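Worksheet: one structure, shown below.
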Amino acid sequence: MTVRLEFATQDPQEIELAKRYWAMDEDGVYLERVADLLPFREVNQSGALAKYVRQFCRAYDENQVCHVCNGEMRISGRSEAKKFPQRSSRPCGNCQELQREEEEKRVAANRAELEARLTPYIARARNEVICYADLPDDSVLILQAIEALIGPRLLAGTFSRGDCADLTPMGADDFIDRLYGQGVLVDDPSAADPNVYYLQDGQLWHKKAFTRYFLPPDTNMGRGEEAFIVLRDREFTDVEALTNLWLDYSAADVMRYLHYQCSMHGQDLSPEAIEKIEGAVRHGLRRYSVAQMWFIMWKVSKDAAALASRPYYSRESAAATIPTKIRKQLEIADQGSVPRNEWTRPEPHISGSLGMVFNALFGLDEYSKGADVLELFASLGSQGREDIELSELAATFMKVTLYGENSLPALEAFANMIRAGLSTEDALLEAINRHPALFE
């Protein structure tokens with residue numbers, strides 16, 4: 001017998017049962033069937049016999065040694081015994097217990113280090129403040145769109161990426177990443193579930209999908225409805241920020257439609273193809289509308305599906321032609337064959353809260369031509385520069401009239417022109433023109 005037995009009973013019948021249960025010949029074949037050992041007292045089922053024997057008998061397979069300590073291996077049933085000497089694939093019971101204790105110590109030490117790293121992290125997060133008035137235009141637009149989705153949680157609580165899934169047709173990840181990278185949004189480990197934050201290679205990491213974010217307080221007004229009014233009343237003038245955000249949003253709208261079409265035709269796009277397509281789509285959106293780009297996506301996906309049915313083409317090779325087909329369609333459009341603009345949004349394809357904000361503030365939607373959108377943003381930028389120049393001029397006028405030695409004539413001239421019906425801007429410019437020496 002290659003199985004060594006240890007007994008925890010003095011009952012001769014139980015000892016005899018265990019010996020018969022484990023008895024085998026020199027080839028490792030058991031001498032008796034389990035069924036032949038039954039019934040034994042209250043045990044009537046074959047499946048219950050091994051459990052019953054383990055209650056008073058420990059079995060060690062002499063053909064197996066622990067691969068950690070080379071000690072003997074305890075087995076619990078006949079199927080675990082080996083016919084030839086070998087190293088076990090698992091540790092012995094003692095080694096398993098030692099490994100469990102070591103793992104518990106490692107986990108405890110890791111948790112202690114993690115908490116030590118998180119304590120100052122949480123303190124910094126809670127003390128974080130930003131100036132709402134200084135936020136860039138694109139950040140303000142995204143925040144307005146998030147507020148439309150989650151309401152008071154943006155102003156006084158925390159939220160997750162999942163809460164903002166309807167920000168755009170393609171979700172919210174890229175836009176949350178943008179705000180987080182700019183310091184506009186801050187993560188709060190104290191509001192997250194356990195195991196969201198962890199250490200890896202000495203660095204603190206967190207699982208984005210489960211992270212809780214919040215909008216830090218304004219430096220002057222804190223958090224809440226009153227502070228957020230600064231963001232709601234923003235006058236947008238940053239041409240570059242507005243343009244890039246519109247292109248990011250509308251490109252996501254187009255890509256969502258393309259993925260929808262590809263799924264209908266069973267087409268898979270490689271990461272390299274998607275990168276090429278996104279570049280072409282973004283370029284096309286500077287001139288064409290989202291709906292026109294949808295038409296192009298529909299056409300190239302349909303053409304690729306037809307190509308896949310031809311000899312020497314597979315679905316994969318046909319789908320690989322889509323980036324080139326898109327560029328070709330844009331070339332045709334630039335030469336005068338204007339894409340159709342009446343394409344409609346599919347039923348499951350939402351515009352997202354950011355699209356709603358663009359529509360509410362600027363009247364933009366999927367039918368707005370890219371060239372017109374860029375022209376609109378350029379005009380806002382020009383107006384913004386004029387407003388800044390006028391504001392600086394007014395500040396200079398106020399300073400001179402308050403502290404200048406000969407400012408009374410300028411004040412009188414300004415007042416007379418207001419009474420004559422001139423606008424504040426025209427009266428200011430006229431007063432300065434009549435008394436230029438005061439402003440040199």
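Here's the yes/no breakdown for (1) of a type in the set (S, T, Y); (2) surrounded by 18 or more Cβ atoms within 10 Å (Cβ to Cβ):
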position	(1), (2)
G162	no, no
F175	no, yes
D193	no, no
Y198	yes, no
F210	no, no
N220	no, no
L231	no, yes
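Does any residue of segment 257-266 turn out to be under 16 Å from M170 (Cα atoms), open to solvent by 30 Å² or more (accessible area, probe 1.4 Å) and touching a residue at least 40 places away in the same chain (Cβ under 8 Å)?
Looking for residues that are under 16 Å from M170 (Cα atoms), open to solvent by 30 Å² or more (accessible area, probe 1.4 Å) and touching a residue at least 40 places away in the same chain (Cβ under 8 Å), one finds at least one in segment 257-266, hence yes.
Please work out which residue is most open to solvent (accessible area, probe 1.4 Å), limiting yourself to segment 41-60 and to residues that are at pLDDT 90 or above and assigned to a strand (DSSP E or B).
R58
Would you call P216 without any contact (Cβ under 8 Å) to a residue 12 or more places away in the chain, of a type outside the set (A, V, I, L, M, F, W, C) and not in a helix (DSSP H, G or I)?
no
Any residue in segment 332-349 that's farther than 13 Å from L258 by Cα and small (G, A, S): show its pairings with residues that are modelled with pLDDT of 90 or more and open to solvent by less than 50 Å² (accessible area, probe 1.4 Å) at Cβ separation under 7 Å, as long as the two are six or more apart or on different chains.
A333/Y288
Working carefully through the options L428, L393, L422, L438, find the one that is touching a Phe, Trp or Tyr at 6+ places or on another chain (Cβ under 7 Å), modelled with pLDDT under 70 and surrounded by 12 or more Cβ atoms within 10 Å (Cβ to Cβ).
Checking each option against the conditions leaves just L428.
Give me the pairs, please: first residue somewhere in segment 291-311 and more than 22 Å from E278 (Cβ to Cβ), second residue anywhere and in a loop (DSSP other than H, G, I, E, B) and open to solvent by less than 10 Å² (accessible area, probe 1.4 Å), beta-carbon distance under 8 Å, and either six or more positions apart or on two chains.
Short answer, once both residue conditions are applied: none.
Tell me, yes or no, whether segment 357-365 has at least one residue that is out of contact with any strand residue (DSSP E or B) (no Cβ under 8 Å at 6 or more places or on another chain), modelled with pLDDT of 70 or more, of a type outside the set (D, E, K, R) and not in a helix (DSSP H, G or I).
Pass one, segment 357-365, residues out of contact with any strand residue (DSSP E or B) (no Cβ under 8 Å at 6 or more places or on another chain): 357-365.
Filter again for modelled with pLDDT of 70 or more, leaving 357-365.
Checking which are of a type outside the set (D, E, K, R) leaves us with 357-364.
Keeping just the survivors that are not in a helix (DSSP H, G or I) gives 363-364.
Scanning segment 357-365 turns up at least one residue that is out of contact with any strand residue (DSSP E or B) (no Cβ under 8 Å at 6 or more places or on another chain), modelled with pLDDT of 70 or more, of a type outside the set (D, E, K, R) and not in a helix (DSSP H, G or I).
Would you pick out the residues in segment 43-77 that are of a type outside the set (D, E), touching a strand residue (DSSP E or B) at 6+ places or on another chain (Cβ under 6 Å) and closer than 17 Å to A23 by Cβ?
L49, Y52, C57, R58, A59, Y60, I75
May I ask you to list the residues in segment 177-191 that are closer than 24 Å to W246 by Cβ, part of a helix (DSSP H, G or I) and open to solvent by 10 Å² or more (accessible area, probe 1.4 Å)?
D177, R178, Y180, G181
Of the conditions (1) open to solvent by 100 Å² or more (accessible area, probe 1.4 Å); (2) over 25 Å from G93 (Cα atoms); (3) within 58 Å of the chain's Cα centre (by Cα), L31 satisfies every one except a single condition; which number is it?
(3)
Within 12 Å of T2 (Cα to Cα), surrounded by 12 or more Cβ atoms within 10 Å (Cβ to Cβ) and at pLDDT below 90: which single residue out of E72, E26 fits that description?
Going through E72, E26 in turn, the sole match is E72.
Anything in segment 130-143 that is surrounded by 13 or more Cβ atoms within 10 Å (Cβ to Cβ) and in a loop (DSSP other than H, G, I, E, B)? List them, or say none.
Those that are surrounded by 13 or more Cβ atoms within 10 Å (Cβ to Cβ) and in a loop (DSSP other than H, G, I, E, B): L135, P136.
May I ask you to list pairs of residues, at least six apart or on different chains, whose Cβ atoms are under 7 Å apart, with the first in segment 1-25 being in contact (Cβ under 8 Å) with a residue 60 or more places away in the chain and the second being assigned to a loop (DSSP other than H, G, I, E, B)?
Final answer for the pair search is T2/G28; V3/A81.
Can we say R287 is more than 29 Å from the chain's Cα centre (by Cα), modelled with pLDDT under 90 and of a type in the set (D, E, K, R)? Before you say what the answer is, go through the steps one by one.
Working: more than 29 Å from the chain's Cα centre (by Cα): yes; modelled with pLDDT under 90: no; of a type in the set (D, E, K, R): yes.
When the stated conditions are applied, R287 does not pass them.
Taking S353 as the residue in question, decide whether it is of a type in the set (S, T, N, Q) and modelled with pLDDT of 95 or more.
Spelling it out, S353 is indeed of a type in the set (S, T, N, Q) and modelled with pLDDT of 95 or more.
Might you let me know whether segment 276-298 holds any residue that is over 30 Å from F377 (Cβ atoms), surrounded by fewer than 19 Cβ atoms within 10 Å (Cβ to Cβ) and touching a helix residue (DSSP H, G or I) at 6+ places or on another chain (Cβ under 6 Å)?
Step one: list which residues in segment 276-298 are over 30 Å from F377 (Cβ atoms), which gives none.
For segment 276-298, residues over 30 Å from F377 (Cβ atoms), surrounded by fewer than 19 Cβ atoms within 10 Å (Cβ to Cβ) and touching a helix residue (DSSP H, G or I) at 6+ places or on another chain (Cβ under 6 Å): absent.
Which of (1) of a type in the set (A, V, I, L, M, F, W, C); (2) open to solvent by less than 60 Å² (accessible area, probe 1.4 Å); (3) assigned to a helix (DSSP H, G or I) does V107 not meet, given it meets every other one?
So the condition that V107 fails would be (2).
So which of S337, S317 ends up being in a loop (DSSP other than H, G, I, E, B), surrounded by fewer than 15 Cβ atoms within 10 Å (Cβ to Cβ) and of a type outside the set (D, E, K, R)?
Numbers: S317 fails: in a loop (DSSP other than H, G, I, E, B).
Among S337, S317, only S337 is in a loop (DSSP other than H, G, I, E, B), surrounded by fewer than 15 Cβ atoms within 10 Å (Cβ to Cβ) and of a type outside the set (D, E, K, R).
Can you find a residue that is in contact with a helix residue (DSSP H, G or I) (Cβ under 6 Å, 6 or more places away or on another chain), of a type in the set (A, V, I, L, M, F, W, C), in a loop (DSSP other than H, G, I, E, B) and within 30 Å of G202 (Cβ to Cβ) anywhere in segment 61-71?
Looking through segment 61-71, at least one residue is in contact with a helix residue (DSSP H, G or I) (Cβ under 6 Å, 6 or more places away or on another chain), of a type in the set (A, V, I, L, M, F, W, C), in a loop (DSSP other than H, G, I, E, B) and within 30 Å of G202 (Cβ to Cβ).
The values are calculated or read from the model by the stated rules, or taken from the named source; none is laboratory data. No experiment lies behind these values; they were computed from the predicted model shown. Positions of Cβ are generated from backbone atoms using ideal geometry, with glycine treated the same way; all protein chains shown enter the neighbour counts. When the accessible area is computed, the model is the full protein with side chains, heavy atoms only, and any ligands, DNA or RNA have been set aside. Shrake-Rupley method; radii C 1.70, N 1.55, O 1.52, S 1.80 Å.
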